[in-house]
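Just so it is clear, none of the values below were taken in a lab; they were calculated from the coordinates. Every value quoted in this text rests on a predicted model; they were computed, and no experiment measured them. Backbone-built Cβ (ideal geometry, glycine too); neighbour counts: all protein chains shown.
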């Protein structure tokens, strides 16, 4: 079955450093992959989408890579700030449905 | 925030009682979704709708039913609530189109915290 894996352990980094989060998937060849941010007690918010024919996508301090051979996406936040502290979810198209399958998310904590 | 509201925001109920959660949107988006979010499981799709009266099941649909009689409203019903349905429920919407050129970004509501005792 389609499976998405994100590191369940929280990632703790110092302010100003680059945070790198990983999303691995199996048993699927998605046309695109999305990243969302979720703050406690709130719904996820869309950040970026990267298509299968794109190796890298950038938006301000965010960068996403997509390696369809490795079946992996990396999500980078450069010059991280305490305000970046949140849980980050990756998502890809749910096979056979017009919907998304989400990973369980990785919690990022940026220390001042 | 996208125009999505969920009601109620919090509910405590007893095992065996029926519960209906409502999602309302003002964006006129075609697709609407219900997810549940539990620790260690992330967001799991319960049901979704691709138009008025058009719905389909997600991975965890057992024990849930949905209805969509108007574009703006998507109802999730637990016919007989069980303790395993204690969770946070999120509604989401997205615009039409699932071809490779469309974005399919999803907009989420604020969530409903449901506790079944």
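What is the calculated FRET efficiency for residue B:117 to residue B:7, with r their C-beta to C-beta distance and R₀ = 35 Å, to the nearest 0.05? Intermediate results must be reported in sequence, preceding the final value.
Values: r = 20 Å, r/R0 = 0.58.
With a Förster radius of 35 Å, E is 0.95.
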When a footprinting reagent is the concern and you count Cβ atoms within 10 Å, what order do B:49, A:80, B:80, B:67 take, fewest first?
B:80, B:67, A:80, B:49
I need to check one value: relative contact order of chain B, counting alpha carbon pairs closer than 8 Å and at least 6 residues apart, in percent.
35 percent
10 Å Cβ neighbours from other chains, averaged over peptide B:41-49:
5
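Counting only DSSP beta bridges with both residues in chain A, tell me the antiparallel percent, nearest 5.
The answer is about 90 percent antiparallel.
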Roughly how large, in nm² to one decimal, is the mean projection of the convex hull of the alpha-carbon atoms in the protein assembly as shown?
12.3 nm²
So in the protein assembly as shown, what percent of DSSP beta bridges are antiparallel if you round to the nearest 5?
90 percent
Specify the residue with the greatest mean-square fluctuation among A:91, A:99, A:19, computed from a Gaussian network of chain A linking alpha-carbon atoms under 10 Å apart.
A:99
If you average over every viewing direction, what projected area does the convex hull of the Cα atoms of chain B give, in nm²?
7.1 nm²
Considering only C-alpha atoms, what is the centroid distance from segment A:71-109 to segment A:29-57, in Å?
6 Å
Here the whole-number average of other chain Cβ atoms within 10 Å per Cβ of A:101-112 is 2
Stokes-Einstein at 20 °C, 1.002 mPa s, Kirkwood radius from Cα pairs: D for segment A:16-112 in µm² s⁻¹?
156 µm²/s
Antiparallel bridges, percent of DSSP beta bridges restricted to chain B (to nearest 5):
90 percent
Can you put A:76, B:47 in order of Cβ neighbours within 10 angstrom, beginning with the fewest?
A:76, B:47
Residues A:51, A:107, sorted so that the one with the fewest Cβ neighbours within 10 Å comes first:
A:51, A:107
